[in-house]
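Q: Before I ask anything, let me first share the structure, which is written out below as structure tokens.
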Amino acid sequence: MTPAMFRQACRQGLYREQSSGQCLGYTQANLVILPESEAYDFLLFAQRNRKACPILEVTDVGSRKLSVFATDIDIARDCPQYRVYRNGQLVDSPYEVSSIWQSDFVTFLIGCSFSFESALLENGIEMRHITLKKNVPMYMTNIKTTPAGRFHGNVVVSMRPIPAKQIAQTIAITEQLPQVHGMPIQVGQPESLGITDLSKPDFGDSVPIYNGEIPVFWACGVTPQAVVMQSKLPLVITHAPGHMLMTDILDTELTKVLGE
């Protein structure tokens, strides 16, 4: 599918699965949708925590459209699945949020590590969760974010098992894409992140780690969801973990589009 076809399938209720491995080569994005009254503090939070929250685009107030990353888009209907948080509690996981859309909503698109997976695959580096048709495993860590306003909490990481002989290549490839989390923040020592059991991710699915492989951890765009829960904002909408918004921008065009 093209990104536009993927979004149409979501809008029509024909696609509701996680999005890893779909539209390879195109940038996927995390979503944070919140009232304008909270938008400045969240922008400041993202700027202070760029590794976990690299901003791709911010919408006009009330708009369900994008100016840069996609055309023919309805932010309220074009993700495979959403999450709705009220006062820090997850209250719903709907497939569209047009029925609760507010005229004061501002949407933040945040870079997603799914976007560098095509480059890794092209270089012969397996993505175990794609092979097994699972969601990537994600874990809460003991790393504190830098707070801003009401926003505070801990960093979430995604994990991919990588053969030891391909670690250096993996780092070299992903560090070229800081707009989608860039290079790993930790290699091979989950305990240093406060992770005690890799078989029990906080989000996503568990995947096996084979002999000769090392768990590699990247900052994850699900971090804002952990922050939302701890900050207890009245209303925030996000994507469901692993169910990303598909954009029209190729991963290879990110630097040119963002001017970085």
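The values are calculated or read from the model by the stated rules, or taken from the named source; none is laboratory data. Just so we're clear, the structure is a prediction, and the values are computed from it rather than from any experiment. Ideal geometry is used to build each Cβ from the backbone, glycine not excepted, and the neighbour counts take in all protein chains shown. These area figures cover heavy atoms from the full protein model, side chains too; ligands, DNA and RNA do not enter into them. Shrake-Rupley method; radii C 1.70, N 1.55, O 1.52, S 1.80 Å.
Q: Any idea which residue in segment 1-23 is nearest to C220 (Cα to Cα), counting only those that are among the hydrophobic types (A, V, I, L, M, F, W, C) and open to solvent by less than 20 Å² (accessible area, probe 1.4 Å)?
A: C23
Q: Pull out all pairs, ordered by first then second residue, where Cβ-Cβ is under 6 Å, the residues are six or more apart or on different chains, the first lies in segment 194-206 and is touching a residue at least 40 places away in the same chain (Cβ under 8 Å), and the second is open to solvent by 40 Å² or more (accessible area, probe 1.4 Å).
A: Close Cβ pairs (under 6 Å, with a partner that is open to solvent by 40 Å² or more (accessible area, probe 1.4 Å)) amount to G194/N142; D202/M140; D205/K134; S206/S199.
Q: With the requirement that a residue be on the phi < 0 side of the Ramachandran plot, among the charged types (D, E, K, R) and under 20 Å from the mean Cα position of the chain (by Cα), what does segment 124-175 give you?
A: Across segment 124-175, the qualifying residues are E126, R128, K134, K144, R160, E175.
Q: Among the listed residues Y26, Y40, Y82, identify the single one that is closer than 21 Å to L235 by Cβ and open to solvent by 60 Å² or more (accessible area, probe 1.4 Å).
A: The unique qualifying residue is Y40.
Q: Follow-up. Would you point out the residue of segment 167-200, among those that are out of contact with any helix residue (DSSP H, G or I) (no Cβ under 9 Å at 6 or more places or on another chain) and closer than 15 Å to R128 by Cα, that is most open to solvent (accessible area, probe 1.4 Å)?
A: By that ranking, first place goes to S199.
Q: Take the conditions touching a helix residue (DSSP H, G or I) at 6+ places or on another chain (Cβ under 9 Å) and not in a loop (DSSP other than H, G, I, E, B) and apply them to V84. Does it pass?
A: yes
Q: Which one is modelled with the lowest pLDDT, of the residues in segment 216-232 that are more than 16 Å from the chain's Cα centre (by Cα) and buried (at least 21 other Cβ atoms within 10 Å of the Cβ)?
A: Going through the qualifying residues, I end up with S231.
Q: Looking at segment 22-77, which of the residues that are assigned to a loop (DSSP other than H, G, I, E, B) and of a type in the set (G, A, S) is farthest from S99 (Cα to Cα)?
A: G25
Q: Follow-up. Specify which of the listed residues (S63, S67, S98) is without any contact (Cβ under 8 Å) to a residue 60 or more places away in the chain, among the polar types (S, T, N, Q), under 13 Å from I237 (Cβ atoms) and open to solvent by 10 Å² or more (accessible area, probe 1.4 Å).
A: S98
This table checks each residue for (1) touching a Ser or Thr at 6+ places or on another chain (Cβ under 9 Å); (2) touching a residue at least 60 places away in the same chain (Cβ under 8 Å).
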{"position": "G111", "(1), (2)": "yes, yes"}
{"position": "S115", "(1), (2)": "yes, yes"}
{"position": "L120", "(1), (2)": "yes, no"}
{"position": "N123", "(1), (2)": "yes, no"}
{"position": "M127", "(1), (2)": "yes, yes"}
{"position": "I130", "(1), (2)": "yes, yes"}
{"position": "K134", "(1), (2)": "yes, yes"}
{"position": "Y139", "(1), (2)": "yes, yes"}
{"position": "K144", "(1), (2)": "no, no"}
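Q: Take the residues of segment 110-143 that are among the β-branched types (V, I, T) and within 23 Å of P190 (Cα to Cα): which is most open to solvent (accessible area, probe 1.4 Å)?
A: Taking segment 110-143 and keeping what is among the β-branched types (V, I, T), we get 110, 125, 130-131, 136, 141, 143.
Now narrow it down to the ones that are within 23 Å of P190 (Cα to Cα): 125, 130-131, 136, 141, 143.
Details: I125: 1, I130: 43, T131: 80, V136: 3, T141: 11, I143: 58 Å².
The selected residue is T131.
Q: Quick check, is D72 farther than 30 Å from P161 by Cα and either at pLDDT 95 or above or of a type outside the set (D, E) (or both)? So that I can check it myself, show each step before the final result.
A: On the way: farther than 30 Å from P161 by Cα: yes; either at pLDDT 95 or above or of a type outside the set (D, E) (or both): no.
Judged against the criteria, D72 is not a match.
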